[in-house]
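Remarks on the structure that follows.
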Amino acid sequence: MYVAFLIAYVCFFIHAGSVESRFGLNVGALFAAVGNKYIIDSSLPDTSSFTLVDTLHGITLVFISIVVASTIYSLKLVKEDKIKQANRFDMTAAKFLLLAYIVLNIWFISQANM
């Protein structure tokens, strides 16, 4: 799950004009996250409640979707010949998303331990 997020996160460090590379990594990250969820669900006992694992997978899928949306916005900026602005947006989004993802994971994990 964390590897899937990191695969999507790497997209911020690829030139905004490299559409195929960025979207390819995002699609790969989505498949990795969904595949990981199915593998983990099959190894855990069945429950009808929403578990920590479900929460963490949900957060990961949401953040990968945000990376996809950010990639689309960055591509829009490149198409408008605003390459500096696209690069600045990528670096700002990368910092914010990584920090938010780490904080949310720590918070949910610490809440589960209480």
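Some points to look at:
- Dipole magnitude for the range 2-112: about 480 debye, using +1 per Lys or Arg Cβ and -1 per Asp or Glu Cβ, origin at the Cα centre.
- Using θ = phi - 60° and Karplus 6.51 cos²θ - 1.76 cosθ + 1.60, couplings along the range 33-42 (whole Hz; Gly, Pro as x): 5, 5, x, 4, 4, 5, 5, 5, 4, 6
- Listed by Cβ neighbour count within 10 Å, with the fewest neighbours leading, SER74, SER110 appear as SER110, SER74.
- Between helix 52-79 and the chain there is an angle of about 10 degrees, using the helix long axis and the longest principal axis of the Cα atoms.
- Note on ILE66, ILE109: ascending count of other Cβ atoms within 10 Å places them as ILE109, ILE66, the fewest first.
- Proximal aspartates and glutamates to LYS76, defined as alpha-carbon separation beneath 13 angstrom and excluding residues fewer than eight positions away on the same chain: ASP90
- For the range 47-114, applying the loop criterion from DSSP together with a ceiling of 11 other beta carbons within 10 Å to the chymotrypsin sites (Phe, Trp or Tyr not before Pro) yields PHE50.
- Note on the chain: Kirkwood radius taken over Cα pairs, Stokes-Einstein applied at 25 °C and 0.890 mPa s, translational D equal to 164 µm² s⁻¹.
Every number here is computed from the coordinates shown, using simple stated rules; none is lab data. Keep in mind that what you see is a predicted model, and the values were worked out from it rather than measured. Reconstructed Cβ throughout: ideal geometry from the backbone, glycine too, with neighbour counts over all protein chains shown.
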